[in-house]
Amino acid sequence: MWRMLFLAIAPSLLLGQNTVEEEMWLEQEVENDDGFLPQQIDKDDLPFSSILLNSITEEELRSLSLLSEEQIHSFFEYREHFGPFIVVEELRAVPLFDPTTIQNIQSRLLVDRAFNWSPSSWKASSMEVRRKTSIRIGRTFPKKMGFLQPDAYQGNPYLITGKFTLDRPGKFKLGMAIDKDAGEGLPFHFNKHLAIEQPINSINLLVLGDYQFQMGQGLIGGQSFGSGLTFSPTLLVKGRSAIRPKRGSTEGNYQSGIGIEWSKRKSMGIAFISYRNRNGNLKNDSLLGSYVTSINQAGLSRTLNEIENQNTLKYLLGGFNWTFNLKKGFIGLNSIYHRFSRPILPVIRPYNQFIFTGNQLFNFSLNFQLQVKGHLWFAESAFDHYFNQAHLLGWLLSPSKNLDLVLSFRNYSPAYQSIETRTFGRFGKAQNENGIFFLLKAHPFPNWELSFFNDIRKFPWMRFNVHAPSIGNSIRWRIQYNKKNSMQIYADFRTEKSTVNHTSNTKFKSLIFPQKSNFRIQMILYPTPHLEWRIRMENSYLREKQTHQKGQLLSQDFILKLERPSLDFKLRLTLFDIPSYALRIYQYEHQLAGFFGMPAFHGRGIGWYFIPRWKTSRGLLEARISRQYKPDVQSIGSQSEATVGKRRMDIGLQFTFVW
C-alpha cells in the first residue's frame, strides 16, 4: 500500500538532489577554517558526497556513519523487497526512518537512474559494470603572480584533472585520478585505489592503494571534513570507524597502503597500514642533522623551493579499531601509530610549545554510542604516549519528531598531541580547547524550520596571533521556510567573539575582543518547472574597540534546466562592497561538475560566472567562464595566486564519458 501511495504522488515531485543545505553547510565550515582551503575543491574528497539510493552498498552506507545498524538493515530489506527507489520521499515508507532522520540526511540523497522495478531485474542490473571517465582543464587570465616572482612557478598555467572509475556494484571498485595545479610541471599527482567488497568471510571491504579513514570521533585520527559547528546533528556524531577509497583528485588528506573493514558476530572494526611520501620544509644542522620544520599539507610542487622539499619525508602509519556492538549502541577501542623518517622540529615560538615534535607518536582511545528511546549518548577519551588527554562527551535528544537537542562538552589538553585528526571544535583540532556546544533544531509549523546553536570555548594556552590564553563564543540563528517546488527562503544571523592580538606596533601585545556578525537573507523561487531563481543579500559587521565597519554583498542566480535537448545553464551575478579582509564574506560557487569553490569576497567590485552544460545518455560536456572586476585595486587574489590588474578571468572545460 505504501508503495502504491508513493507511485501515485511521484509525478508531482522532482527527482534529484536539493543542494542548498549542502552549500550552507560548506560555507559554514570554510568560515570555521578561516578559508584555509584550495580555490577549487573536489566533492569526492568530502564526506558530504551524494548518497545514491539505488546503487549504494551496505558497507558504503555504514561508512558514512549516519544511520544505526537497524536502520541500515531496514533500508536494504525494503529495497530488496520493493525494488529501486522512485523518489527521495519514498524513504518515509521505510521502517525506522522517522521524519527527523530523513530531514538530517535529505540534502545528501539522490535517486540515481531509472530501473525496472522488479526485484529480479534489480539483481541482474546490479551485476553490470559501470565505467566513467572525466577530463578537466582550466586556466586563469592574466597569469598569476606566482609566475612573475623571483621564486617563480616552474610549470605551465593550466590546471588539469582526470578521473577514471570502474565499478561493479556489490563486487569491486577501481579508481584512478591525476591532478596538476596551475604552476606545476610533470609528473602529475596520481591517486589510485581498488576496493573489493566481501573478498573473504569476515572481511567486508578490502582497499588497496589510496584511502581515507575515520576513527571514533576523530580525537586520535580522522580525515573527514568539518569541525561540527553546524546545524546538522549527524555531522557532530561521527559514528563507527570506517575506511573508504580516496576518489577525489586533491593531493593531501589521504593514506596509501592497505585497509580493511571486518566483522564477526557482534564485533567489527577496521585495520590499516600506510607508507607514503610527504613534502616537508627540510633543514640541515651540524648538530641535529636533517629535520623538517613543517609538513606541506597541500602537496603542491610549483616553485623551486617546493620542488626541493618534495618527498623529503617518509611517513609510516598504522591503525586498528575494534568495535563491540551492543543492543542499543557500541563500544570501540582505537589505536594509531605514526613514524617519520626524519624528526619534525617546528620553529620555536611561544604558541608552539606543545606542538608535536619528534619522529614517532602513538595514540589510543575508547569511544561509545548508546541510543535509548530518542536519547543518543556519544563520547570518546583519547591519550597520547605521554598520557596527555583529550575528551569529548555529547548527548542528542529527540523528544518528538519536530525537535532535536544536542549538548556537547569537550576538554582537549594543550599538551595532547595528535596527527591526522579532524574532530569537533572551533578549528577541528583535538588540542588546546575546552568548550560547551548547544544545538536546537525545531519544526514549529509545517514547512518551517528553526535552528540555533551556541558554542562557548576557552583556549588554555596561546594560539597563532594570540599571545595569551583566550576565550571565544559563536552564536547562530536560522529560520527557514520551504514550500516544495515553489519557494524556499531563509534568514541567517551569526555572531562571533574571539580574543586576538591588538594590531598595534608596541613591543608588548595587548588583547582585544572584537565581534564579527553576519546577517543573510536568501530566497529561492521556481517561476517555472525548468527555472530556478536565487536572490541573496548579506551584510557583515565588525566591532573592534571604538571602530565599526560594515560590508555588503548581493548576488542573483539563474538556473535553467531543459529536458529536450538536455541542457543546463547556470548564471550568477554578484555585487560586493566590503572594506576590509576582516569583513570577508564566503560564498559557495558552482564549478564544473564534481567541484565547487568558496571565494572570500572583500573590496569593492562585481563578478559573474556562466556554466553551460550538455547531457547525453553517454556523458556530459560543460564549460565555465568567470570574471571579476575590482576598480580600486592593482591586483585580485592573494600572494602568489593573485593576478595583476583590475580584472581577472577564469576559464574551464570538462568532458565526462560513461559507458
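The values are calculated or read from the model by the stated rules, or taken from the named source; none is laboratory data. For clarity, every value in this text was computed on a predicted model and none was experimentally measured. Heads up, the Cβs are rebuilt from the backbone with ideal geometry, glycines too, and the neighbour counts pull from every protein chain shown. Accessible surface areas use protein heavy atoms only, side chains included; no ligands, DNA or RNA. Shrake-Rupley method; radii C 1.70, N 1.55, O 1.52, S 1.80 Å.
In nm, give the distance between the simple-model label positions of H73 and W614, each being 7 Å from the Cα along the Cα-to-Cβ direction.
5.1 nm
With a ≥ b ≥ c the root eigenvalues of the C-alpha gyration tensor of segment 565-611, is it rounded (a/c under 1.5), prolate (a/b larger than b/c) or oblate? Intermediate results must be reported in sequence, preceding the final value.
Working: a/c = 4.99, a/b = 2.11, b/c = 2.37.
Taking the square roots of the gyration eigenvalues as a ≥ b ≥ c, segment 565-611 is oblate.
Cβ neighbours within 10 Å, averaged per peptide: list 532-543, 361-372 in order, most packed at the top.
Details: 532-543: 17.2, 361-372: 19.4.
Output ranking for 532-543, 361-372: 361-372, 532-543.
Rounding to the nearest 20 debye, state how big the charge dipole of segment 127-195 is about its Cα centre with +1 on each Lys and Arg Cβ and -1 on each Asp and Glu Cβ.
400 debye
Counting only heavy atoms of the protein chains, get the accessible area per residue of segment 369-514 (1.4 Å probe) and round it to a whole Å² value.
Numbers: 7020 Å² over 146 residues.
Normalised by residue count, the accessible surface of segment 369-514 is 48 Å².
Using a 1.4 Å probe over the heavy atoms of the protein chains, calculate the carbon and sulfur portion of the accessible area of segment 574-659 as a whole percent. The partial results should precede the final answer.
Numbers: 2420 of 3980 Å².
Taking all protein chains in place, segment 574-659 shows 61 percent carbon and sulfur surface.
Counting Lys and Arg as +1 and Asp and Glu as -1, each charge on the Cβ, what is the dipole of segment 162-207 about the Cα centre in debye, to the nearest 20? Before the final figure, lay out the partial values.
Numbers: 6 positive and 5 negative charges, 44 e Å.
Rounded to the nearest 20 debye, it is 200 debye.
Around E622, what is the net charge, scoring Lys/Arg as +1 and Asp/Glu as -1 over all other residues with Cβ under 12 Å from its Cβ? If you can, show how the numbers build up before the last one.
Details: positive: R136, K570, R613, K615, R624; negative: D568.
Once positives and negatives cancel, what remains is +4.
Out of residues 5 or more away from Q417 or on other chains, whose amide H comes under 5 Å of its own, with H placed 1.01 Å from N in the peptide plane?
Result for Q417 returns D384.
Around V347, what is the net charge, scoring Lys/Arg as +1 and Asp/Glu as -1 over all other residues with Cβ under 14 Å from its Cβ?
On the way: positive: K283, R349; negative: D285.
Net charge around V347: +1.
So, for segment 159-202, what is the accessible surface per residue at a probe of 1.4 Å, expressed in square angstrom? List each step's numbers first, then the result.
Numbers: 2080 Å² over 44 residues.
Heavy-atom accessible area per residue stands at 47 Å².
Assuming 0.36 nm per residue, please report the length gained on full extension of the stretch T495 to E641 beyond their Cα-Cα distance. All intermediate terms of the calculation are to be shown ahead of the outcome.
Working: separation 146, 0.36 × 146 = 52.56 nm, distance 2.99 nm.
Gain in length upon complete extension: 49.6 nm.
Provide the net charge surrounding Y526, with neighbours chosen by a C-beta distance below 10 Å and charges set as Lys +1, Arg +1, Asp -1, Glu -1.
Details: positive: K483, K484; negative: E532.
Residues close to Y526 contribute a combined charge of +1.
Once you have a ≥ b ≥ c as the square roots of the Cα gyration tensor eigenvalues for segment 368-473, tell me rounded if a/c is under 1.5, and otherwise prolate or oblate according to whether a/b is larger than b/c. The partial results should precede the final answer.
Details: a/c = 3.34, a/b = 1.70, b/c = 1.96.
It is oblate, given that a/c is not under 1.5 and a/b is not larger than b/c.
What is the extension gain from L405 to L333, computed as 0.36 nm multiplied by their sequence separation minus the C-alpha to C-alpha distance, in nm to one decimal?
Taking 0.36 nm per residue and subtracting the Cα distance, the gain is 23.2 nm.
Could I have the simple spin-label model distance between I535 and F655, label points 7 Å from Cα toward Cβ, reported in nm to one decimal?
4.1 nm
Taking the Cα centre of segment 146-215 as the origin and placing charges on Cβ (Lys, Arg +1; Asp, Glu -1), which of I203, I160, G185 is farthest toward the positive end of the dipole?
Highest projection toward the positive end goes to I203.
Write down the accessible area per residue of segment 580-659 in Å², having rolled a 1.4 Å probe over the full set of protein chains.
On the way: 3720 Å² over 80 residues.
That works out to 46 Å² for each residue.
Ignoring ligands, DNA and RNA, please state the percent of accessible area on segment 438-570 from carbon and sulfur, probe 1.4 Å.
Values: 4690 of 7480 Å².
Of all accessible area on segment 438-570, carbon and sulfur atoms account for 63 percent.
With label points built 7 Å along Cα→Cβ from the Cα atoms of N284 and I355, find their separation and express it in nm.
With each label point 7 Å from Cα toward Cβ, the separation is 2.4 nm.
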